[in-house]
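**Q** If you scroll down you'll find the structure; I have some questions about it.
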Amino acid sequence: MNLNILKIKAIPTLFWSSKKTLTLRPSPISFSFLILGLFLFGLGEALLISAGVGVSPWTVFAQGISINTDWSIGVSTAVISSFVLFLWIFLKQTPGLGTIFNIIIISIVLDLSLPYLPNLETLSLKILMAATGVLITGFGGAIYLIANLGPGPRDGLMTGLQRLTNYPIAIVRGSIEITVVMIGALLGGVVGIGTLFFAFGIGPSLALSILLLTKLFDHNSVD
């Protein structure tokens, strides 16, 4: 199996991929995988927050907004995602059903799951939890992107810039995360080991997940 993730430049079509991105009536399987992917993405983010060793770059940004507004992490995330969606105009990206559900579901999962996640005591367990969060986030992102019902605001920014620059997905996503964490830190967000895990790991995690899912399901598709 060729695991050269830098060769991944496009989202594949698999059995849960919707043939129509801009549809208000997706097939049940496409919609189900969309929701599953978004749930996993939000859960991965929540695990990273709960680990307490630094959050993802976008959540650093959300924390900075929360500090200055007293909004919850979920609400701050929703506001940021809505702003990023506005930037799509300049990248000629078109939102879909998945774009809207991305904003809603991830924000809800963050606010509802955090009170129930453990607060680990040892640093080694915290680091393991953070790394797990990054892997789950990348895997969830791959699932809902492949559903082809419209990428989330942040992933639409990634795919739009990838198409504009023709750089590999791993490099484009990593560059975005590094830029965002710098802005978030200036706003007062918490940066730590977990932040570095996410900034440098989410691109490879997403690309590897796409590659593995493609190898496993061999480009089958459904209506």
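**Q** Helix by helix, which DSSP H runs in the chain go 15 Å or more along their axis at the Cα atoms and have an average Kyte-Doolittle hydropathy of 0.0 or more?
**A** 28-51, 57-69, 73-91, 97-113, 123-146, 169-186, 193-217
**Q** Are there chymotrypsin sites (Phe, Trp or Tyr not before Pro) in segment 1-100 that DSSP marks as loop and that have at most 16 other Cβ atoms within 10 Å, and which are they?
**A** Those that pass, being in a loop and sparsely packed, are F15, W71.
**Q** If you don't mind, another one. Treating only the Cα positions of segment 2-116 as identical point scatterers, give the base-10 log of I(q)/I(0) from the Debye formula at each q in 0.11, 0.14, 0.23 Å⁻¹.
**A** Values returned for q = 0.11, 0.14, 0.23 Å⁻¹ are -0.45, -0.71, -1.29.
**Q** Given the options T122, T165, T23, state which has the largest fluctuation in a GNM of the chain using a 10 Å cut-off (strictly under) for Cα springs.
**A** T122
**Q** Right, next: For segment 126-187, what mean projected area does the convex hull of the alpha carbons give, in nm²?
**A** The number I arrive at for segment 126-187 is 5.2 nm².
**Q** Taking the Cβ of L48 as the centre, find all other residues whose Cβ is under 14 Å away and add up their charges (Lys, Arg: +1; Asp, Glu: -1).
**A** Taking every other residue near L48 into account, the sum is -1.
**Q** So if the hydrodynamic radius of the chain is defined as the Kirkwood radius over C-alpha pairs, what does Stokes-Einstein give as its diffusion coefficient at 4 °C and 1.567 mPa s, in µm² per second?
**A** For the chosen part, D equals 75 µm²/s.
The numbers here are math on the coordinates, done by the rules we state, and not lab data. Given the structure is predicted, the values throughout are model-derived calculations rather than measurements. Heads up, the Cβs are rebuilt from the backbone with ideal geometry, glycines too, and the neighbour counts pull from every protein chain shown.
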